[in-house]
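Accompanying notes for the structure given below.
What follows draws every value from the coordinates through simple rules; no lab data is involved. Everything numeric in this text was worked out from a predicted model, so none of it was measured. Glycine gets a Cβ as well: all are built from the backbone with ideal geometry, and neighbour counts include every protein chain shown.
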Amino acid sequence: MHSLYAGVVNEVHKLISRRGTIIFLAIIAIFPIISGLIFSQLQSQSGIVAVDTNGFPLILLGIATSFILPLFIFMAAADSFAGETGAKTLKLTLIRPISRFKVFMAKVITLGLYISLMLTVIWVTSLISGLFWAQGFSYQGLYQGVMAYTVSWLPLMVLALMAAALAQGFKTGSGALTLTLVLYLLMKLVPFLYPNGAPLFPGFYTDWYLHWLESSSYDRLYQGLVYLLSGSTLFFTLGYYAFSQKEI
């Protein structure tokens, strides 16, 4: 357990030390502020209050989970696995007295922490931004916002595990990122081309929080939960197997 903790600390340090990580977090923090100014200007010109304080973070969550966060997650996964393989730094990690399983697990845990941090930054900055220009704050809405951002972690984590599994087949981060982005875009096109088959792809569940807010049936929520847990188990297993067999 100590070696796993040390591995997580090492992966977190490497993630934070990357220039792109700080830039991405800054973009995520600024995004709600700029969006708030745009919404405020539109509402002042139209005279119609279209978005309240509690609804603003939910609007930004929909945009972030569909486009912004998946991109940053894919880049982090590609750099963590394929990028380190190409840079020969992964070999240095494996020299240490730690099993490949714990190395892989440490990287996965770090991706999960990264997702949690990005969701927290977006929620906090969007809530603060909404308090300045919007109206209609309520504790019930605050609770819904916390629930929406919390349940959004699981679909994003499935995408991170998918990206980690795909990255095992590449020796450069750019190649892994390109393939992951192409597959994700195809997943987003599936609902338009084949609606009945859309729930079979992880990209379909980026707006899973809406089912919780709309009080969907327990059967529907249970089916989504089972699929996401099954998908995470599958991608984790495939990713670790490829990682354990990989010659570095």
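Just want the answer: with Cβ charges of +1 for Lys and Arg and -1 for Asp and Glu, which residue in Leu210, Ile68, Phe81 is farthest toward the dipole's positive end in the chain?
Phe81
Could you pull out every one of the aspartates and glutamates with an alpha carbon less than 19 Å from that of Lys188, ignoring same-chain neighbours closer than 8 positions?
Excluding near neighbours in sequence, the set is Asp207.
Once you've got the GNM for the chain with C-alpha springs shorter than 10 Å, pick whichever of Pro155, Pro195, Pro32 has the biggest mean-square fluctuation.
Pro195
Using r as the Cβ-Cβ distance of His2 and Gln41, and R0 as 51 Å, what FRET efficiency do you calculate, to the nearest 0.05?
Rounded to the nearest 0.05, the efficiency is 0.45.
Quickly estimate the mean residue ellipticity at 222 nm for the chain, helices only: each DSSP H run with n ≥ 4 gives -39500 (n - 2.57), and the total goes over all residues, rounded to 500.
One gets -25000 deg cm²/dmol as the mean residue ellipticity at 222 nm.
From the phi angles alone, apply the Karplus equation (6.51, -1.76, 1.60; θ = phi - 60°) to segment 70-85 and give each ³J(HN,Hα) in whole Hz, x where the residue is Gly or Pro.
Along segment 70-85, the couplings run x, 4, 5, 5, 4, 5, 5, 5, 5, 5, 5, 10, 5, x, 6, 5 Hz.
Lys14: which lysines have alpha carbons under 27 Å from its alpha carbon, excluding same-chain residues fewer than 8 sequence positions away?
Lys88, Lys91, Lys102, Lys107, Lys171, Lys246
For the chain, rounded, prolate or oblate, judged on the Cα gyration tensor with a ≥ b ≥ c (square roots of eigenvalues), a/c < 1.5 rounded, else prolate if a/b > b/c?
It is prolate, given that a/c is not under 1.5 and a/b is the larger ratio.
Using Cα pairs closer than 8 Å and at least 6 residues apart in sequence, work out the relative contact order for segment 2-245, in percent.
Here the relative contact order equals 29 percent.
Please give the charge dipole size of the chain, origin at the Cα centre, charges +1 on K and R Cβ atoms and -1 on D and E Cβ atoms. Round to the nearest 20 debye.
Value, rounded to 20: 940 debye.
Which number do you get for Rg(Cα) / (2.2 N^0.38 Å) in segment 90-181?
Its radius of gyration relative to the 2.2 N^0.38 Å reference: 1.48.
Lys/Arg Cβ at +1, Asp/Glu Cβ at -1, dipole of the chain taken about the Cα centre: which of Gly20, Phe104, Ala160 is farthest positive-ward?
Positive-end residue among those listed: Phe104.
What Rg and what Dmax come out for segment 160-233 when only alpha-carbon atoms are used, in angstroms?
Looking at segment 160-233, its Cα Rg and Dmax stand at 14.2, 44 Å.
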